[in-house]
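Step one of this worksheet: look at the structure below.
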Amino acid sequence: MTPIIIAVVTVAAIGLIAGIILTLASHFMAIKVDEKVVKVRECLPGANCGACGYAGCDEYAEKVAGGFAKTTLCVPGGQKCAADIAEALGVEAGEVKELRGMVRCCGTTGKDSMVYDYQGVKTCAACHSFYQGRRSCSYGCLGYGDCVSVCKFNAISIENGVAKIDPDLCTGCGACAKICPKHLIYMIPKKSHICVACSSHNKGAQTRKLCTSGCIGCMKCQKTCKHGAISVDQNLAVVDPSLCVNCGECVEVCPVGCIKIFA
Amino acid sequence: MKEMMIILVGSILVNNFVLSKFMGICPFLGVSKKLDSAVGMSVAVTFVMAMATAVTYPIQRGILDRFNMGYLQTIVFILVIAALVQLVEIVLKKYIPPLYRSLGIYLPLITTNCAVLGVTILNIDEEYTFLQSMVNALGAGLGFMLAMVLFCGVRSRMDESKNIPEHFRGLPITLIAASIVSVAFMGFSGVVEGLFH
């Protein structure tokens, strides 16, 4: 009988000592958590996407509550989130620039040719490191979906070899734009619908040889646009979303059909 | 010094905790998908192994051995290590927030990991001195990190491969790969004798 009692007492004693130490430690080393931080953190979506420029929602909440960051930096949360944060802190809400990602390539499978048969690791970054990728157009989407894997909102899919962003699911965090080795994804305001779906700076004749729907820099769109929103720079048309009124006239005149209306 | 080197190299390569002693298989399979989390986990394991050895060794020698209660070793060690990890977490949170953030969820995860318990008990069984125990704990942690990082590379290669038969995909092929890596580590047996004798 005695050994059992000794064993129980010993273990209980060690447990008690450990418990007391832990209690004391948690009492003396407790960190005062700012109520504001908790409140702000609750308003945030919790995706930890990094669009605000901080290393996650927790850090952003800390900075906002401390007054070091603006309340409008959370892109996925949008206007509502900014309003919630502002209410929690008792300050005036600002306006959030809501963004969306746009893939500037429409060279789906079959529109251009493959230069070589790529057998390596199936990521865009790896493929890009071999002679700028397997496609004849060195500006084109590689279609291995680095952007798909980095998107936390499942907004991107690869369709016919080119990344496609679902505008309803896209929160505009910009993670895909950062990872794309071809820099094809641009962040534009959410209300913009017209975009030149090509990034090729090749000369017109060469683009024409490489891909059936690449921008050849013919200037037709620039001449058609009444608002001066579209301009051709280095053989590539670019839409300025701040001037564009989404009228769609440029879409009709484009001979190669690379200006597209995105929903 | 030579003795310490024998213990260190021995615990990293020859008696690798994961690949030779088959301890800590759970984090080995669970956290080896990504390199950064594998490294994070390994650093946390090394840290806790060293801390646990430093605390359990005096308890074994001072209390359990003196009062002839060696049979309580397992349960007392579990209790002490669990409490210790909690304490370390509180202290880190207060004084070294960056380290706390980088160790993240791995610290509480390894509270009752068998590799941590294993190294403390083995130190006693091998009758190491305190310093030797600490070296052994450090070596065990580094060996764990080596195994994790190696296997992480193997796994990322495997995930890319399209040639795996359908029924082997996922966990089965992971276990097979783990066994092959383990077989490879058997080649290290005898290395220590060759190096230091």
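Computed from the coordinates by the stated procedures, all read-outs in this text should not be read as laboratory data. Remember, predicted model here, so these are calculated numbers, not experimental data. Methodologically, a virtual Cβ is constructed for each residue, glycine included, from the backbone with ideal geometry; neighbour enumeration extends over all protein chains shown.
Taking the range A:158-190 and a reference point 7 angstrom along Cα→Cβ of A:Asp233, the backbone N atoms nearer than 18 Å belong to A:183-189.
Treat chain A as a sphere of radius equal to its Kirkwood radius over Cα pairs and apply Stokes-Einstein at 25 °C in a medium of 0.890 mPa s; give the translational diffusion coefficient in µm²/s, rounded to a whole number.
Details: Rh = 21.9 Å.
Using the Kirkwood radius from Cα pairs, D works out to 112 µm²/s.
The modelled label-to-label distance for the pair B:Lys2/A:Ala205, using points 7 Å beyond Cα in the direction of Cβ, is 7.9 nm. Taking amide H as placed 1.01 Å from N in the peptide plane, the amide H of A:Val162 sits under 5 Å from that of A:Thr109, each at least 5 places away or on another chain. Subtracting the Cα-Cα distance of B:Phe130 and B:Met186 from their residue separation scaled by 0.36 nm leaves 17.3 nm.
Once whole DSSP H runs in chain B are found, which of them have Cα atoms spread over 20 Å or more along the helix axis and a mean Kyte-Doolittle score of at least 1.6? Could you put the intermediate results ahead of the total?
Values: long enough: B:35-59 (36 Å, 1.45); B:73-95 (32 Å, 1.75); B:130-160 (45 Å, 0.95); B:171-186 (23 Å, 2.23).
Helices meeting the span and hydropathy rule in chain B are B:73-95, B:171-186.
About its Cα centre, the dipole of the protein assembly as shown is roughly 1400 debye, where the only charges are +1 on Lys and Arg Cβ and -1 on Asp and Glu Cβ. Residues considered: B:Ile96, B:Ile124, B:Ile110. Largest GNM mean-square fluctuation over chain B, using C-alpha springs under 10 Å, is found at B:Ile96. In whole percents, the pair-distance distribution calculated for the range B:59-197 from its alpha-carbon pairs, binned every 10 Å from zero, is 9, 26, 30, 25, 8, 1, 0. Across the range A:143-263, counting alpha-carbon atoms alone, Rg and Dmax equal 14.6, 40 Å.
So which chymotrypsin sites (Phe, Trp or Tyr not before Pro) in the range A:53-91 pass both tests, a DSSP loop state and at most 12 other Cβ atoms within 10 Å of the Cβ? Numbers along the way, then the final one.
On the way: sites: A:Tyr54, A:Tyr60, A:Phe68; in loops: A:Tyr54, A:Phe68.
Here the sparse-neighbourhood loop sites are A:Phe68.
How much length would be gained if the chain were fully extended between B:Arg169 and B:Phe196, taking 0.36 nm per residue of separation minus their Cα-Cα distance, in nm to one decimal? All intermediate terms of the calculation are to be shown ahead of the outcome.
On the way: separation 27, 0.36 × 27 = 9.72 nm, distance 4.26 nm.
Gain on stretching B:Arg169 to B:Phe196: 5.5 nm.
The trypsin sites (Lys or Arg not before Pro) of the range A:145-240 meeting both criteria, a DSSP state outside H, G, I, E and B (loop) and at most 11 other C-beta atoms within 10 angstrom of the site's C-beta, are A:Lys191, A:Lys226.
Among A:Cys225, A:Cys176, A:Cys195, the residue with the largest mean-square fluctuation in a Gaussian network model of chain A, with springs joining Cα atoms closer than 10 Å, is A:Cys225.
Only lysines eight or more places from B:Lys94 in sequence, or on another chain, were considered; those with a Cα closer than 19 Å are A:Lys32, A:Lys63.
What does the structure give for A:6-19 when I average, per residue, the other chain Cβ atoms found within 10 Å of the residue Cβ?
On the way: counts 4, 5, 1, 0, 7, 5, 1, 1, 8, 6, 0, 3, 7, 3.
Going residue by residue through A:6-19 and averaging, the value is 4.
Over the range A:1-156, the pair-distance histogram of Cα-Cα distances with 5 Å bins from zero comes to 1, 8, 11, 11, 8, 7, 8, 8, 8, 8, 6, 5, 4, 3, 2, 1, 0, 0 percent, rounded to whole numbers. Amide H contacts of A:Ile259: A:Ala197, each under 5 Å away and 5 or more positions distant or on a separate chain (H built 1.01 Å from N in the peptide plane; Pro and chain starts excluded).
Free of any trypsin sites (Lys or Arg not before Pro) that DSSP assigns to a loop and that have at most 14 other C-beta atoms within 10 Å, the longest stretch within chain B is B:67-161.
What number, in percent, do you get for the relative contact order of the range A:99-261 if the mean sequence gap of Cα pairs under 8 Å and at least 6 apart is divided by its residue count? Show your work: numbers first, answer last.
Values: 344 pairs, mean separation 39.3, N = 163.
Computed value for the range A:99-261: 24 percent relative contact order.
Between A:Ile185 and A:Arg104, the built amide H atoms are under 5 Å apart, and every one of these is 5 or more places off in sequence or on another chain.
Relative contact order, percent, of the range A:50-99 when contacts are C-alpha pairs under 8 Å separated by at least 6 residues?
This gives 30 percent for the range A:50-99.
The range B:126-194 and the range A:133-206 have Cα centres spaced 39 Å apart. Under a plain spin-label model, where a point goes 7 Å from the Cα along Cα-to-Cβ, how far apart in nm are A:Ile158 and A:Val33? For the pair A:Ile158/A:Val33, the computed spacing is 4.1 nm. Shape analysis of the protein assembly as shown yields a ratio of the Cα radius of gyration to the Kirkwood radius, Rg/Rh, of 1.11.
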